[in-house]
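These notes concern the structure reproduced below.
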Amino acid sequence: MGTFEQPLVDEDLTDDERRFLFLLLNEYDGPAKRAYQLLCPVMGLSNEGGWDRLIHRLMAAIQNKEPLSDLDWARTLFLAEISYGSSLVGSGLDFGTSRDDDWIALLRSIQRKLGSYQGFRLLVANAHYSPSSTTP
């Protein structure tokens with residue numbers, strides 16, 4: 001697992017973008033709770049306790065406008081995308097579809113600000129898979 005200290009970065013997100021991210025992460029305490037079983041390894045975690053701590057730490061930082069590491073911003077974006085877009089792993093169709101036009105505009109804005117190849121590489125470097133799960 002590639003855990004290492006990273007500098008904290010304060011991303012320029014609007015209050016609406018932060019509120020939306022908070023709502024999406026909060027889904028992991030509700031309808032998307034089951035996601036931890038699949039997403040723990042991707043987040044570099046091994047159990048539900050670590051998952052809960054990560055989600056609550058990210059939610060608190062987003063709500064309090066605190067900086068996060070590039071890895072945590074990548075985690076936040078990835079988890080938000082899953083929460084919003086997936087009915088299998090996230091909330092998907094259960095997430096306020098009456099406001100989809102607003103939500104997708106916010107998600108695209110956040111993706112422009114947080115999405116990067118570097119973020120992808122950090123997720124890959126931090127992922128933790130059991131040896132048996134990586135063999136075909």
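Quick look at the values:
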quantity: Hits in the stretch 29-73 - residues which are of a type in the set (G, A, S) and part of a helix (DSSP H, G or I); calculated: A35, G49, G50, A60, A61
quantity: Boolean, T76 is among the polar types (S, T, N, Q) and modelled with pLDDT of 95 or more; calculated: yes
quantity: Checking G90 against (1) under 12 Å from the mean Cα position of the chain (by Cα); (2) of a type outside the set (K, R); (3) modelled with pLDDT under 95; (4) in a helix (DSSP H, G or I), the condition it does not meet; calculated: (4)
quantity: Set I82, I55: member being in contact with a Gly (Cβ under 6 Å, 6 or more places away or on another chain) and of a type in the set (V, I, T); calculated: I82
quantity: Test for R53: is it in contact (Cβ under 8 Å) with a residue 40 or more places away in the chain and charged (D, E, K, R); calculated: no
quantity: Residue in the stretch 61-72 that is among the hydrophobic types (A, V, I, L, M, F, W, C), free of Cβ contacts under 8 Å to residues at least 24 places away in the same chain and out of contact with any Gly (no Cβ under 9 Å at 6 or more places or on another chain) present; calculated: yes
quantity: Condition check for E17: in a helix (DSSP H, G or I) and either touching a Phe, Trp or Tyr at 6+ places or on another chain (Cβ under 6 Å) or not β-branched (V, I, T) (or both); calculated: yes
quantity: Residues (more than 12 Å from the chain's Cα centre (by Cα), surrounded by 14 or more Cβ atoms within 10 Å (Cβ to Cβ) and at negative phi) located in the stretch 42-51; calculated: L45, G50
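The values are calculated or read from the model by the stated rules, or taken from the named source; none is laboratory data. The structure displayed is predicted, hence computed values, not measured ones. Neighbour counts run over all protein chains shown; Cβ positions are idealised from the backbone, glycine included.
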